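Before any comments, here is the structure.
Computed from the coordinates by the stated procedures, all read-outs in this text should not be read as laboratory data. Since we're looking at a predicted model, the values are computed, not measured. Cβ: placed from backbone, ideal geometry, glycine included. Neighbour counts: every protein chain shown.
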Amino acid sequence: MKLKNLVMAALMAVSSASALAEDLNQIVNLVAGANGNFSAPTTATHLLAGPFTDTFNLGVVPFDANINASLNTIGLSAIQDIDFISATLNGIPFSFQRTDLPFGATTIVAAIETGTLPTTLFAAGTPLLLTITGFAGEGFNTNATVAASYSGTVNVVPVPEPGSAMMFIAGFAAIGWLVRRRSR
Amino acid sequence: MFFLQERSKMNRFVRLLGAGAIALAASAAIAGPLQTQSLSGGPINFTGFIADTLTTPGNFSDTFTFTLPAPSIANGQVITIFDIASAASQQVVFNTVTLTSGLDVYTFTKGTDIVGSTNVTRFSFLADNPVGTSFTVQVDGCAGLCDGSNQTGAIAASYSGTFNITRVIPEPASFALVLAALGGIGITARRRKPAPAA
């Protein structure tokens, strides 16, 4: 019984510590192009070290949509470092590439981490949530002071394309007109 | 509920204006507004970001200014992605990204494009350089098809970037030198000063 309490206390201590570490939750305001496509940047700044789960809420799209997204971070010292663990859009994962940078006589491994979500179809009406997990700061105690950030972009293309939708409508209108001509 | 910026109304206006203007200025870069960026963190380590969503196809030139409390060094990156089939509305080409501080101009290095079956991811980066107490970042690029054709109509192509700024703290040896110099000045001043009358 005592051992169980000890384990429970330890688990609670760990979970409360990570609860204090910064989880950022933001809303993305997608900018519309006249062609019906949407795009927006995403940015996040962490001032507390430790594990994080950040979310970007794209909203609920009223149409099927092809969506792609990017993520990037650069860090040349521990206090600037962001390590991505995973990034997903409604469970669809990003793939990551890490770039080393020479730094004086040494090399900073994974100084740049670049994430890519290739174009993926999402159904209309689903809430779209971009979830990014990672660590802010390299080797710091959780909630120590850091200054580490990452940024990205997201593109949303309605399917079918608005131009194609217009063609469908025009086509049906033409068929309807032909049918009316024949029935006369 | 779908989150849309009010800019969609502005895009229609821009499109009406643009039909004539773009014909005249097909190859001229469209200068974006000078933007002063805010910084987070401090007092030694700061971080900030830049971002833009281009809604006019063609060349663009965006300038971002950072102001710092003390001389610093800075590094940064910019990122963008587009779907190859939707390049006309999503593509951003980074032609030149530069960081200017006083007379010093540093040019970002282009990362190797990450080319997938449907997408291309582009990034550029700059390692640490001294930036004094202020610097500007200029992003010169092209948005849209960027194939020399006279593309019209509003697009939506985004890029973003982050910067890490570290205040330069003088080495302890420098402090020692300053103290020694002040001490030397003090000794010299006392020697020169005539002894007070008894």
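Can you tally the net charge around B:G41? Count Lys and Arg as +1, Asp and Glu as -1, for every other residue whose Cβ sits under 13 Å from the Cβ of B:G41.
Here the count lands on 0.
Report the FRET efficiency, 1/(1 + (r/R0)^6), for A:A124 and B:V168, where r is their Cβ-Cβ distance and R0 is 51 Å, rounded to 0.05.
0.45
For each of A:I175, A:I112, count neighbouring Cβ atoms within 10 Å of the residue's Cβ, then give the residues from fewest to most.
Fewest-to-most ranking of A:I175, A:I112: A:I175, A:I112.
Long-range amide H contacts for A:L24: which residues qualify at under 5 Å (H placed 1.01 Å from N, peptide plane, sequence gap of 5 or more or a different chain)?
A:T53, A:D54, A:T55
May I ask for the distance between the Cα centers of the range A:88-143 and the range A:65-84, given as a whole number of Å?
The two parts, judged by their Cα centres, are 5 Å apart.
Of the listed peptides B:56-68, A:90-102, what is their order by residue-averaged count of other C-beta atoms within 10 Å, with the highest listed first?
Top to bottom by mean Cβ count within 10 Å: B:56-68, A:90-102.
Using the basic label-point model (7 angstrom from Cα toward the beta carbon), what is the A:T145 to A:A170 distance in nanometres?
Label-label distance for A:T145 and A:A170, simple model: 6.2 nm.
Pop the C-beta distance of B:A176 and B:T36 into the FRET formula with R0 = 45 Å and round what comes out to the nearest 0.05.
Plugging the Cβ-Cβ distance into 1/(1 + (r/R0)^6) gives 0.75.
Using the 10 angstrom Cβ neighbour count as an exposure proxy, how do B:L145, A:L89, B:L179 rank, fewest first?
Sorted ascending by nearby Cβ count, the order is B:L179, B:L145, A:L89.
Which net charge results when you count Lys and Arg as +1 and Asp and Glu as -1 among the other residues whose beta-carbon is under 14 Å from that of A:G139?
Spelling it out: positives minus negatives among the neighbours equals -3.
Short version: ³J(HN,Hα) in whole Hz for each residue of the range A:94-100, in order, from phi by Karplus 6.51 cos²θ - 1.76 cosθ + 1.60 (θ = phi - 60°), x for Gly and Pro, what are they?
Couplings: 6, 10, 10, 10, 10, 10, 7 Hz.
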